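What follows is a structure written as structure tokens; I'll ask about it next.
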Amino acid sequence: MSEQEPTRAANFVRTAVAEDLETGRFQRPIVTRFPPEPNGYLHIGHAKAIAIDFGIAQEFGGRCHLRFDDTNPTKESQEYVDAIMRDIHWLGWDWAEHLYHASDYFEQLYQWAVQLIKAGKAYVDDLTADEMRETRGTLTEPGRESPYRHRSVEENLDLFERMRRGEFDDGTKTLRAKIDMNSANLNLRDPVMYRIRKTSHQRTGDTWCIYPMYDWAHGQSDSVERVTHSLCSLEYEDHRPLYDWYLDALGIFHPRQIEFARLNLSHTVMSKRKLLSLVEHGHVRGWDDPRMPTLAGLRRRGYTPEAIRDFAERVGVTKAANMVELAYLEACLREDLNKRAERRMAVLRPLTLILENYPDDQVEEFEAINNPEDPSAGTRKVPFSRILYIEQDDFRDPAPPKYYRLSPGAEVRLRYAYIVKCTGVERDAAGTVTAVRATYDPATRGGDAPGRKIRGTIHWVSAQHAMDAEVRLYDTLFTAPKPDDVDDPTSVLNSTSLEVISGAKVERALGLVAPETRVQFERLGYFVADWRDHTPDRLVFNRTVGLRDTWGKIERTLS
RNA sequence: UGGGGCGUGGCCAAGCGGCAAGGCGCGGGACUUUGGAUCCCGUAUUCGGAGGUUCGAAUCCUCCCGCCCCAACCA
């Protein structure tokens, strides 16, 4: 990684790292690490942490390691490991050859534990989990020492070795650090270092039956890797004294832990437990469901890695609890997509428009601009004929106030084609509009209307050239801005978070796009060809995010 | 309640003793062959509250209030 993108907003982490370099607390290279536990998919909150971990390293010309915190084999799996690596790469970050696992250090950790036992700073305890809870004390009352706390070094060494050999059953013994049962910080009340788990591990298999706890594994892993700055979230602030205690007790390289506030996003949940639950209960169609805040879900939804990184940078880094509005993320997305997505025409809910004075067998082609924000994107030809499809929303009878689209007697521009005037409506027995009739003005070819003020321009697709498509419209998974504040989040699940439209009509150019291609359907929003289901024979698009909708706002105020 | 943190406009967030950046959102206008984009303008006499120090305080001191995290052999 090299130093680039030099001018970024100051934040306390960057400041701290810069100071550490100036004061000589640490020498270059700066080393950070991103330490996911492979027990779920990465989400937008992780994207912020990743941006900080990899970003800081990059800015200071250092490096960032990817280290799987695989200390609990009962919850972890290779599927998650693979997904995590894929998602980080998708975001555009790279750990190069620095891929590590806490399990790489199991033997070293064991040796260090022996060192602490010999120093009289750790002991084997026979208390059960329940007994340990009872003797730990409470927030206001101190804990009590375990009756096994004063075993001799020899006995502890013997017992610990036999724990490793598998002589004891799960839960019957632990190795604990001997710190202070009276500490006001619960983490210092003789924390467990090892527990017995006769479970095979996805990497070490059955080599071990004792597994280190997070606190015992983390700091030491950082130390082994010569990590200078161990950046983590606020909930680990209480763990820092323990982090420091282990490192000092061992007398090894001592990284600095710095904590920042994790990201919270409105209208969604971020805990892996809750996300897992959504998947397992079928509220969504898997971890990569486009409604999920997972990176896999956002990707399938059509988000760009650039937008997510920009968002992570813009929300900043502080220690204040926060709840960022979804609208902010969407603004970053639109900003990126507006510059890069090519425009196409698609009609989601088709309404037939018949041009009475247009020759039956005539077909014209009009030049359409692919991206007004990017001339290099060029143009394309769009076929036009007598019978077209327009959006049902673009015709109203009668027209409400301030409505600039089609209605009986009104004129509107068909994007890139002609000005047309509505002459009539066809209805079925129930009174439902089945088709709209209009005449076109041959003098306005291409859509030019010199001397005339045409307020509305609508999109269309030639019926005989249109292709069918399925379009999936998404809304927030939850109706409540803060589903975490509700007792039962499933009670605020949005029942209309997914709407599948099967009869959409799209211009033929859309039939050629590859999965994951992002486009703007003019006047509707940004869409992406579905990663899994889109094929040349079956077009499937996901709505990534709608366009800013000024008319929608006006309409809502009117009603 | 003991400990650890945090409180700047609706949401993020600069600011670190010299007289409240910026972004998102919102409101208004210009422009427009996307009611998109773009461009203007507006949006905290005030920084959780109350005292105090100072010529001067969001920034320093004191007290108070509120919110978050911690009592897994999870991370």
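The values are calculated or read from the model by the stated rules, or taken from the named source; none is laboratory data. Source: prediction; values computed, not measured. Methodologically, a virtual Cβ is constructed for each residue, glycine included, from the backbone with ideal geometry; neighbour enumeration extends over all protein chains shown. Ligands, DNA and RNA are stripped out before the accessible areas are found, and what is left, the full protein with its side chains, is counted by its heavy atoms. Shrake-Rupley method; radii C 1.70, N 1.55, O 1.52, S 1.80 Å.
Quick one: which of A:A321, A:A249, A:A331 is outside any loop (DSSP other than H, G, I, E, B) and in contact (Cβ under 8 Å) with a residue 12 or more places away in the chain?
A:A249
Is there any pair with a first residue in the stretch A:258-287 that is free of Cβ contacts under 8 Å to residues at least 60 places away in the same chain and more than 12 Å from RNA strand B (Cβ to nearest atom) and a second that is part of a helix (DSSP H, G or I) and among the aliphatic types (A, V, I, L, M) whose Cβ atoms are under 7 Å apart and which are 6 or more apart or on different chains, and what are they?
Hits for this filter: A:G286/A:V279.
Rundown of residues vs (1) crowded, with 16+ Cβ neighbours inside 10 Å; (2) outside the structural domain of A:I179 (by TED's automatic domain parsing); (3) at pLDDT below 95; (4) more than 14 Å from RNA strand B (Cβ to nearest atom), yes/no style:
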position	(1), (2), (3), (4)
A:Y100	yes, yes, no, no
A:I117	yes, no, no, yes
A:G120	no, no, no, yes
A:V124	yes, no, no, no
A:D130	no, no, no, no
A:E141	no, no, no, no
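For the condition within 13 Å of RNA strand B (Cβ to nearest atom), open to solvent by 20 Å² or more (accessible area, probe 1.4 Å), farther than 27 Å from A:V363 by Cα and of a type outside the set (V, I, T), what is the one hit in A:P481, A:P515?
A:P481
For the condition modelled with pLDDT under 95 and either surrounded by fewer than 20 Cβ atoms within 10 Å (Cβ to Cβ) or within 30 Å of the chain's Cα centre (by Cα) (or both), what is the one hit in A:S491, A:S495?
Of A:S491, A:S495, the one residue that is modelled with pLDDT under 95 and either surrounded by fewer than 20 Cβ atoms within 10 Å (Cβ to Cβ) or within 30 Å of the chain's Cα centre (by Cα) (or both) is A:S491.
Looking only at residues that are in contact with a Phe, Trp or Tyr (Cβ under 8 Å, 6 or more places away or on another chain) and open to solvent by 80 Å² or more (accessible area, probe 1.4 Å) in the stretch A:323-368, which one is nearest to RNA strand B (Cβ to nearest atom)?
Ranking the candidates gives A:Y328 first.
Quick one: which of A:H150, A:H201, A:H239 is touching a residue at least 24 places away in the same chain (Cβ under 8 Å) and within 18 Å of A:H101 (Cβ to Cβ)?
A:H201
Quick check: anything in the stretch A:464-479 assigned to a loop (DSSP other than H, G, I, E, B) and closer than 18 Å to A:R343 by Cα?
yes
Another question, then. Those residues that are under 16 Å from A:F366 (Cα atoms) and of a type in the set (D, E, K, R), I need them from the stretch A:403-462; list them, please.
A:R413, A:R415, A:D441, A:R445, A:D448, listed by residue number.
Any residue in the stretch A:345-367 that is closer than 25 Å to A:R314 by Cα and in contact (Cβ under 8 Å) with a residue 12 or more places away in the chain?
Among the residues of the stretch A:345-367, not one is closer than 25 Å to A:R314 by Cα and in contact (Cβ under 8 Å) with a residue 12 or more places away in the chain, which makes the answer no.
Do we find a residue being closer than 17 Å to A:L109 by Cα, within 11 Å of RNA strand B (Cβ to nearest atom) and of a type outside the set (K, R) anywhere in the stretch A:149-162?
No; the residues of the stretch A:149-162 include none that is closer than 17 Å to A:L109 by Cα, within 11 Å of RNA strand B (Cβ to nearest atom) and of a type outside the set (K, R).
Of all residues in the stretch A:22-36, which are in a loop (DSSP other than H, G, I, E, B), open to solvent by less than 50 Å² (accessible area, probe 1.4 Å) and either over 15 Å from A:R256 (Cβ atoms) or touching a residue at least 12 places away in the same chain (Cβ under 8 Å) (or both)?
A:F26, A:I30, A:P35, A:P36
Could you tell me how many of the residues in the stretch A:483-541 are among the polar types (S, T, N, Q), touching a helix residue (DSSP H, G or I) at 6+ places or on another chain (Cβ under 9 Å) and part of a strand (DSSP E or B)?
Total meeting the criteria: 1.
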